[in-house]
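Below is one structure; the comments refer to it alone.
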Amino acid sequence: MKHERKSKRRKKTCDVKGCDGKKKQSVPAGKASTKAGLDIDADGPNAYLCKKHWKEYKKNTKEEREARQLSWK
Ligand SMILES: [Zn+2]
């Protein structure tokens, strides 16, 4: 992994480690990390995701919901 200086708050890229995608969507950092399994590197309570990781976030959090529905059946 390359060394990076601590990022400034005004960066415009995705908060997933190693991703340089343009930020698209802000999500709760804790949820993105624990629920969606993303490797988040955010300073604050919110993380910014690029389009690709936002899709992954939605997919992973949606699967959780569907799993709950299946067990309910
Ligand atoms: Zn990303």
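If you go through segment 30-42, how many residues are free of Cβ contacts under 8 Å to residues at least 24 places away in the same chain and either more than 15 Å from Glu56 (Cβ to Cβ) or part of a loop (DSSP other than H, G, I, E, B) (or both)? Lay out the reasoning, then the answer.
We begin by selecting, within segment 30-42, every residue free of Cβ contacts under 8 Å to residues at least 24 places away in the same chain; these are 30, 33-34, 37-39.
Next, from what is left, pick out any that are either more than 15 Å from Glu56 (Cβ to Cβ) or part of a loop (DSSP other than H, G, I, E, B) (or both): 30, 37-39.
Residues meeting the conditions: 4.
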Check your understanding: Of everything in segment 33-42 that's surrounded by 13 or more Cβ atoms within 10 Å (Cβ to Cβ) and farther than 12 Å from Cys14 by Cα, which residue is nearest to the ligand (Cβ to nearest atom)?
Key -> Ala36
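Any idea how many residues of segment 45-65 are in contact (Cβ under 8 Å) with a residue 24 or more places away in the chain and either surrounded by fewer than 17 Cβ atoms within 10 Å (Cβ to Cβ) or out of contact with any Pro (no Cβ under 8 Å at 6 or more places or on another chain) (or both)? Walk me through how you get there before you give the answer.
Step one: of segment 45-65, the residues in contact (Cβ under 8 Å) with a residue 24 or more places away in the chain are 47-54, 57, 60-61, 64.
Now drop any that are not either surrounded by fewer than 17 Cβ atoms within 10 Å (Cβ to Cβ) or out of contact with any Pro (no Cβ under 8 Å at 6 or more places or on another chain) (or both), which leaves 48-54, 57, 60-61, 64.
Result for segment 45-65: 11.
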Check your understanding: Within segment 43-56, how many residues are near the ligand (Cβ under 8 Å from one of its atoms) and assigned to a loop (DSSP other than H, G, I, E, B)?
Key -> 1
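A short reminder: the numbers here are calculations on the coordinates, not readings from a lab. Just so you know, these numbers come straight off a predicted model, no measurement behind them. Please note: Cβ atoms are built from the backbone with ideal geometry, for glycine as well, and neighbour counts cover all protein chains shown.
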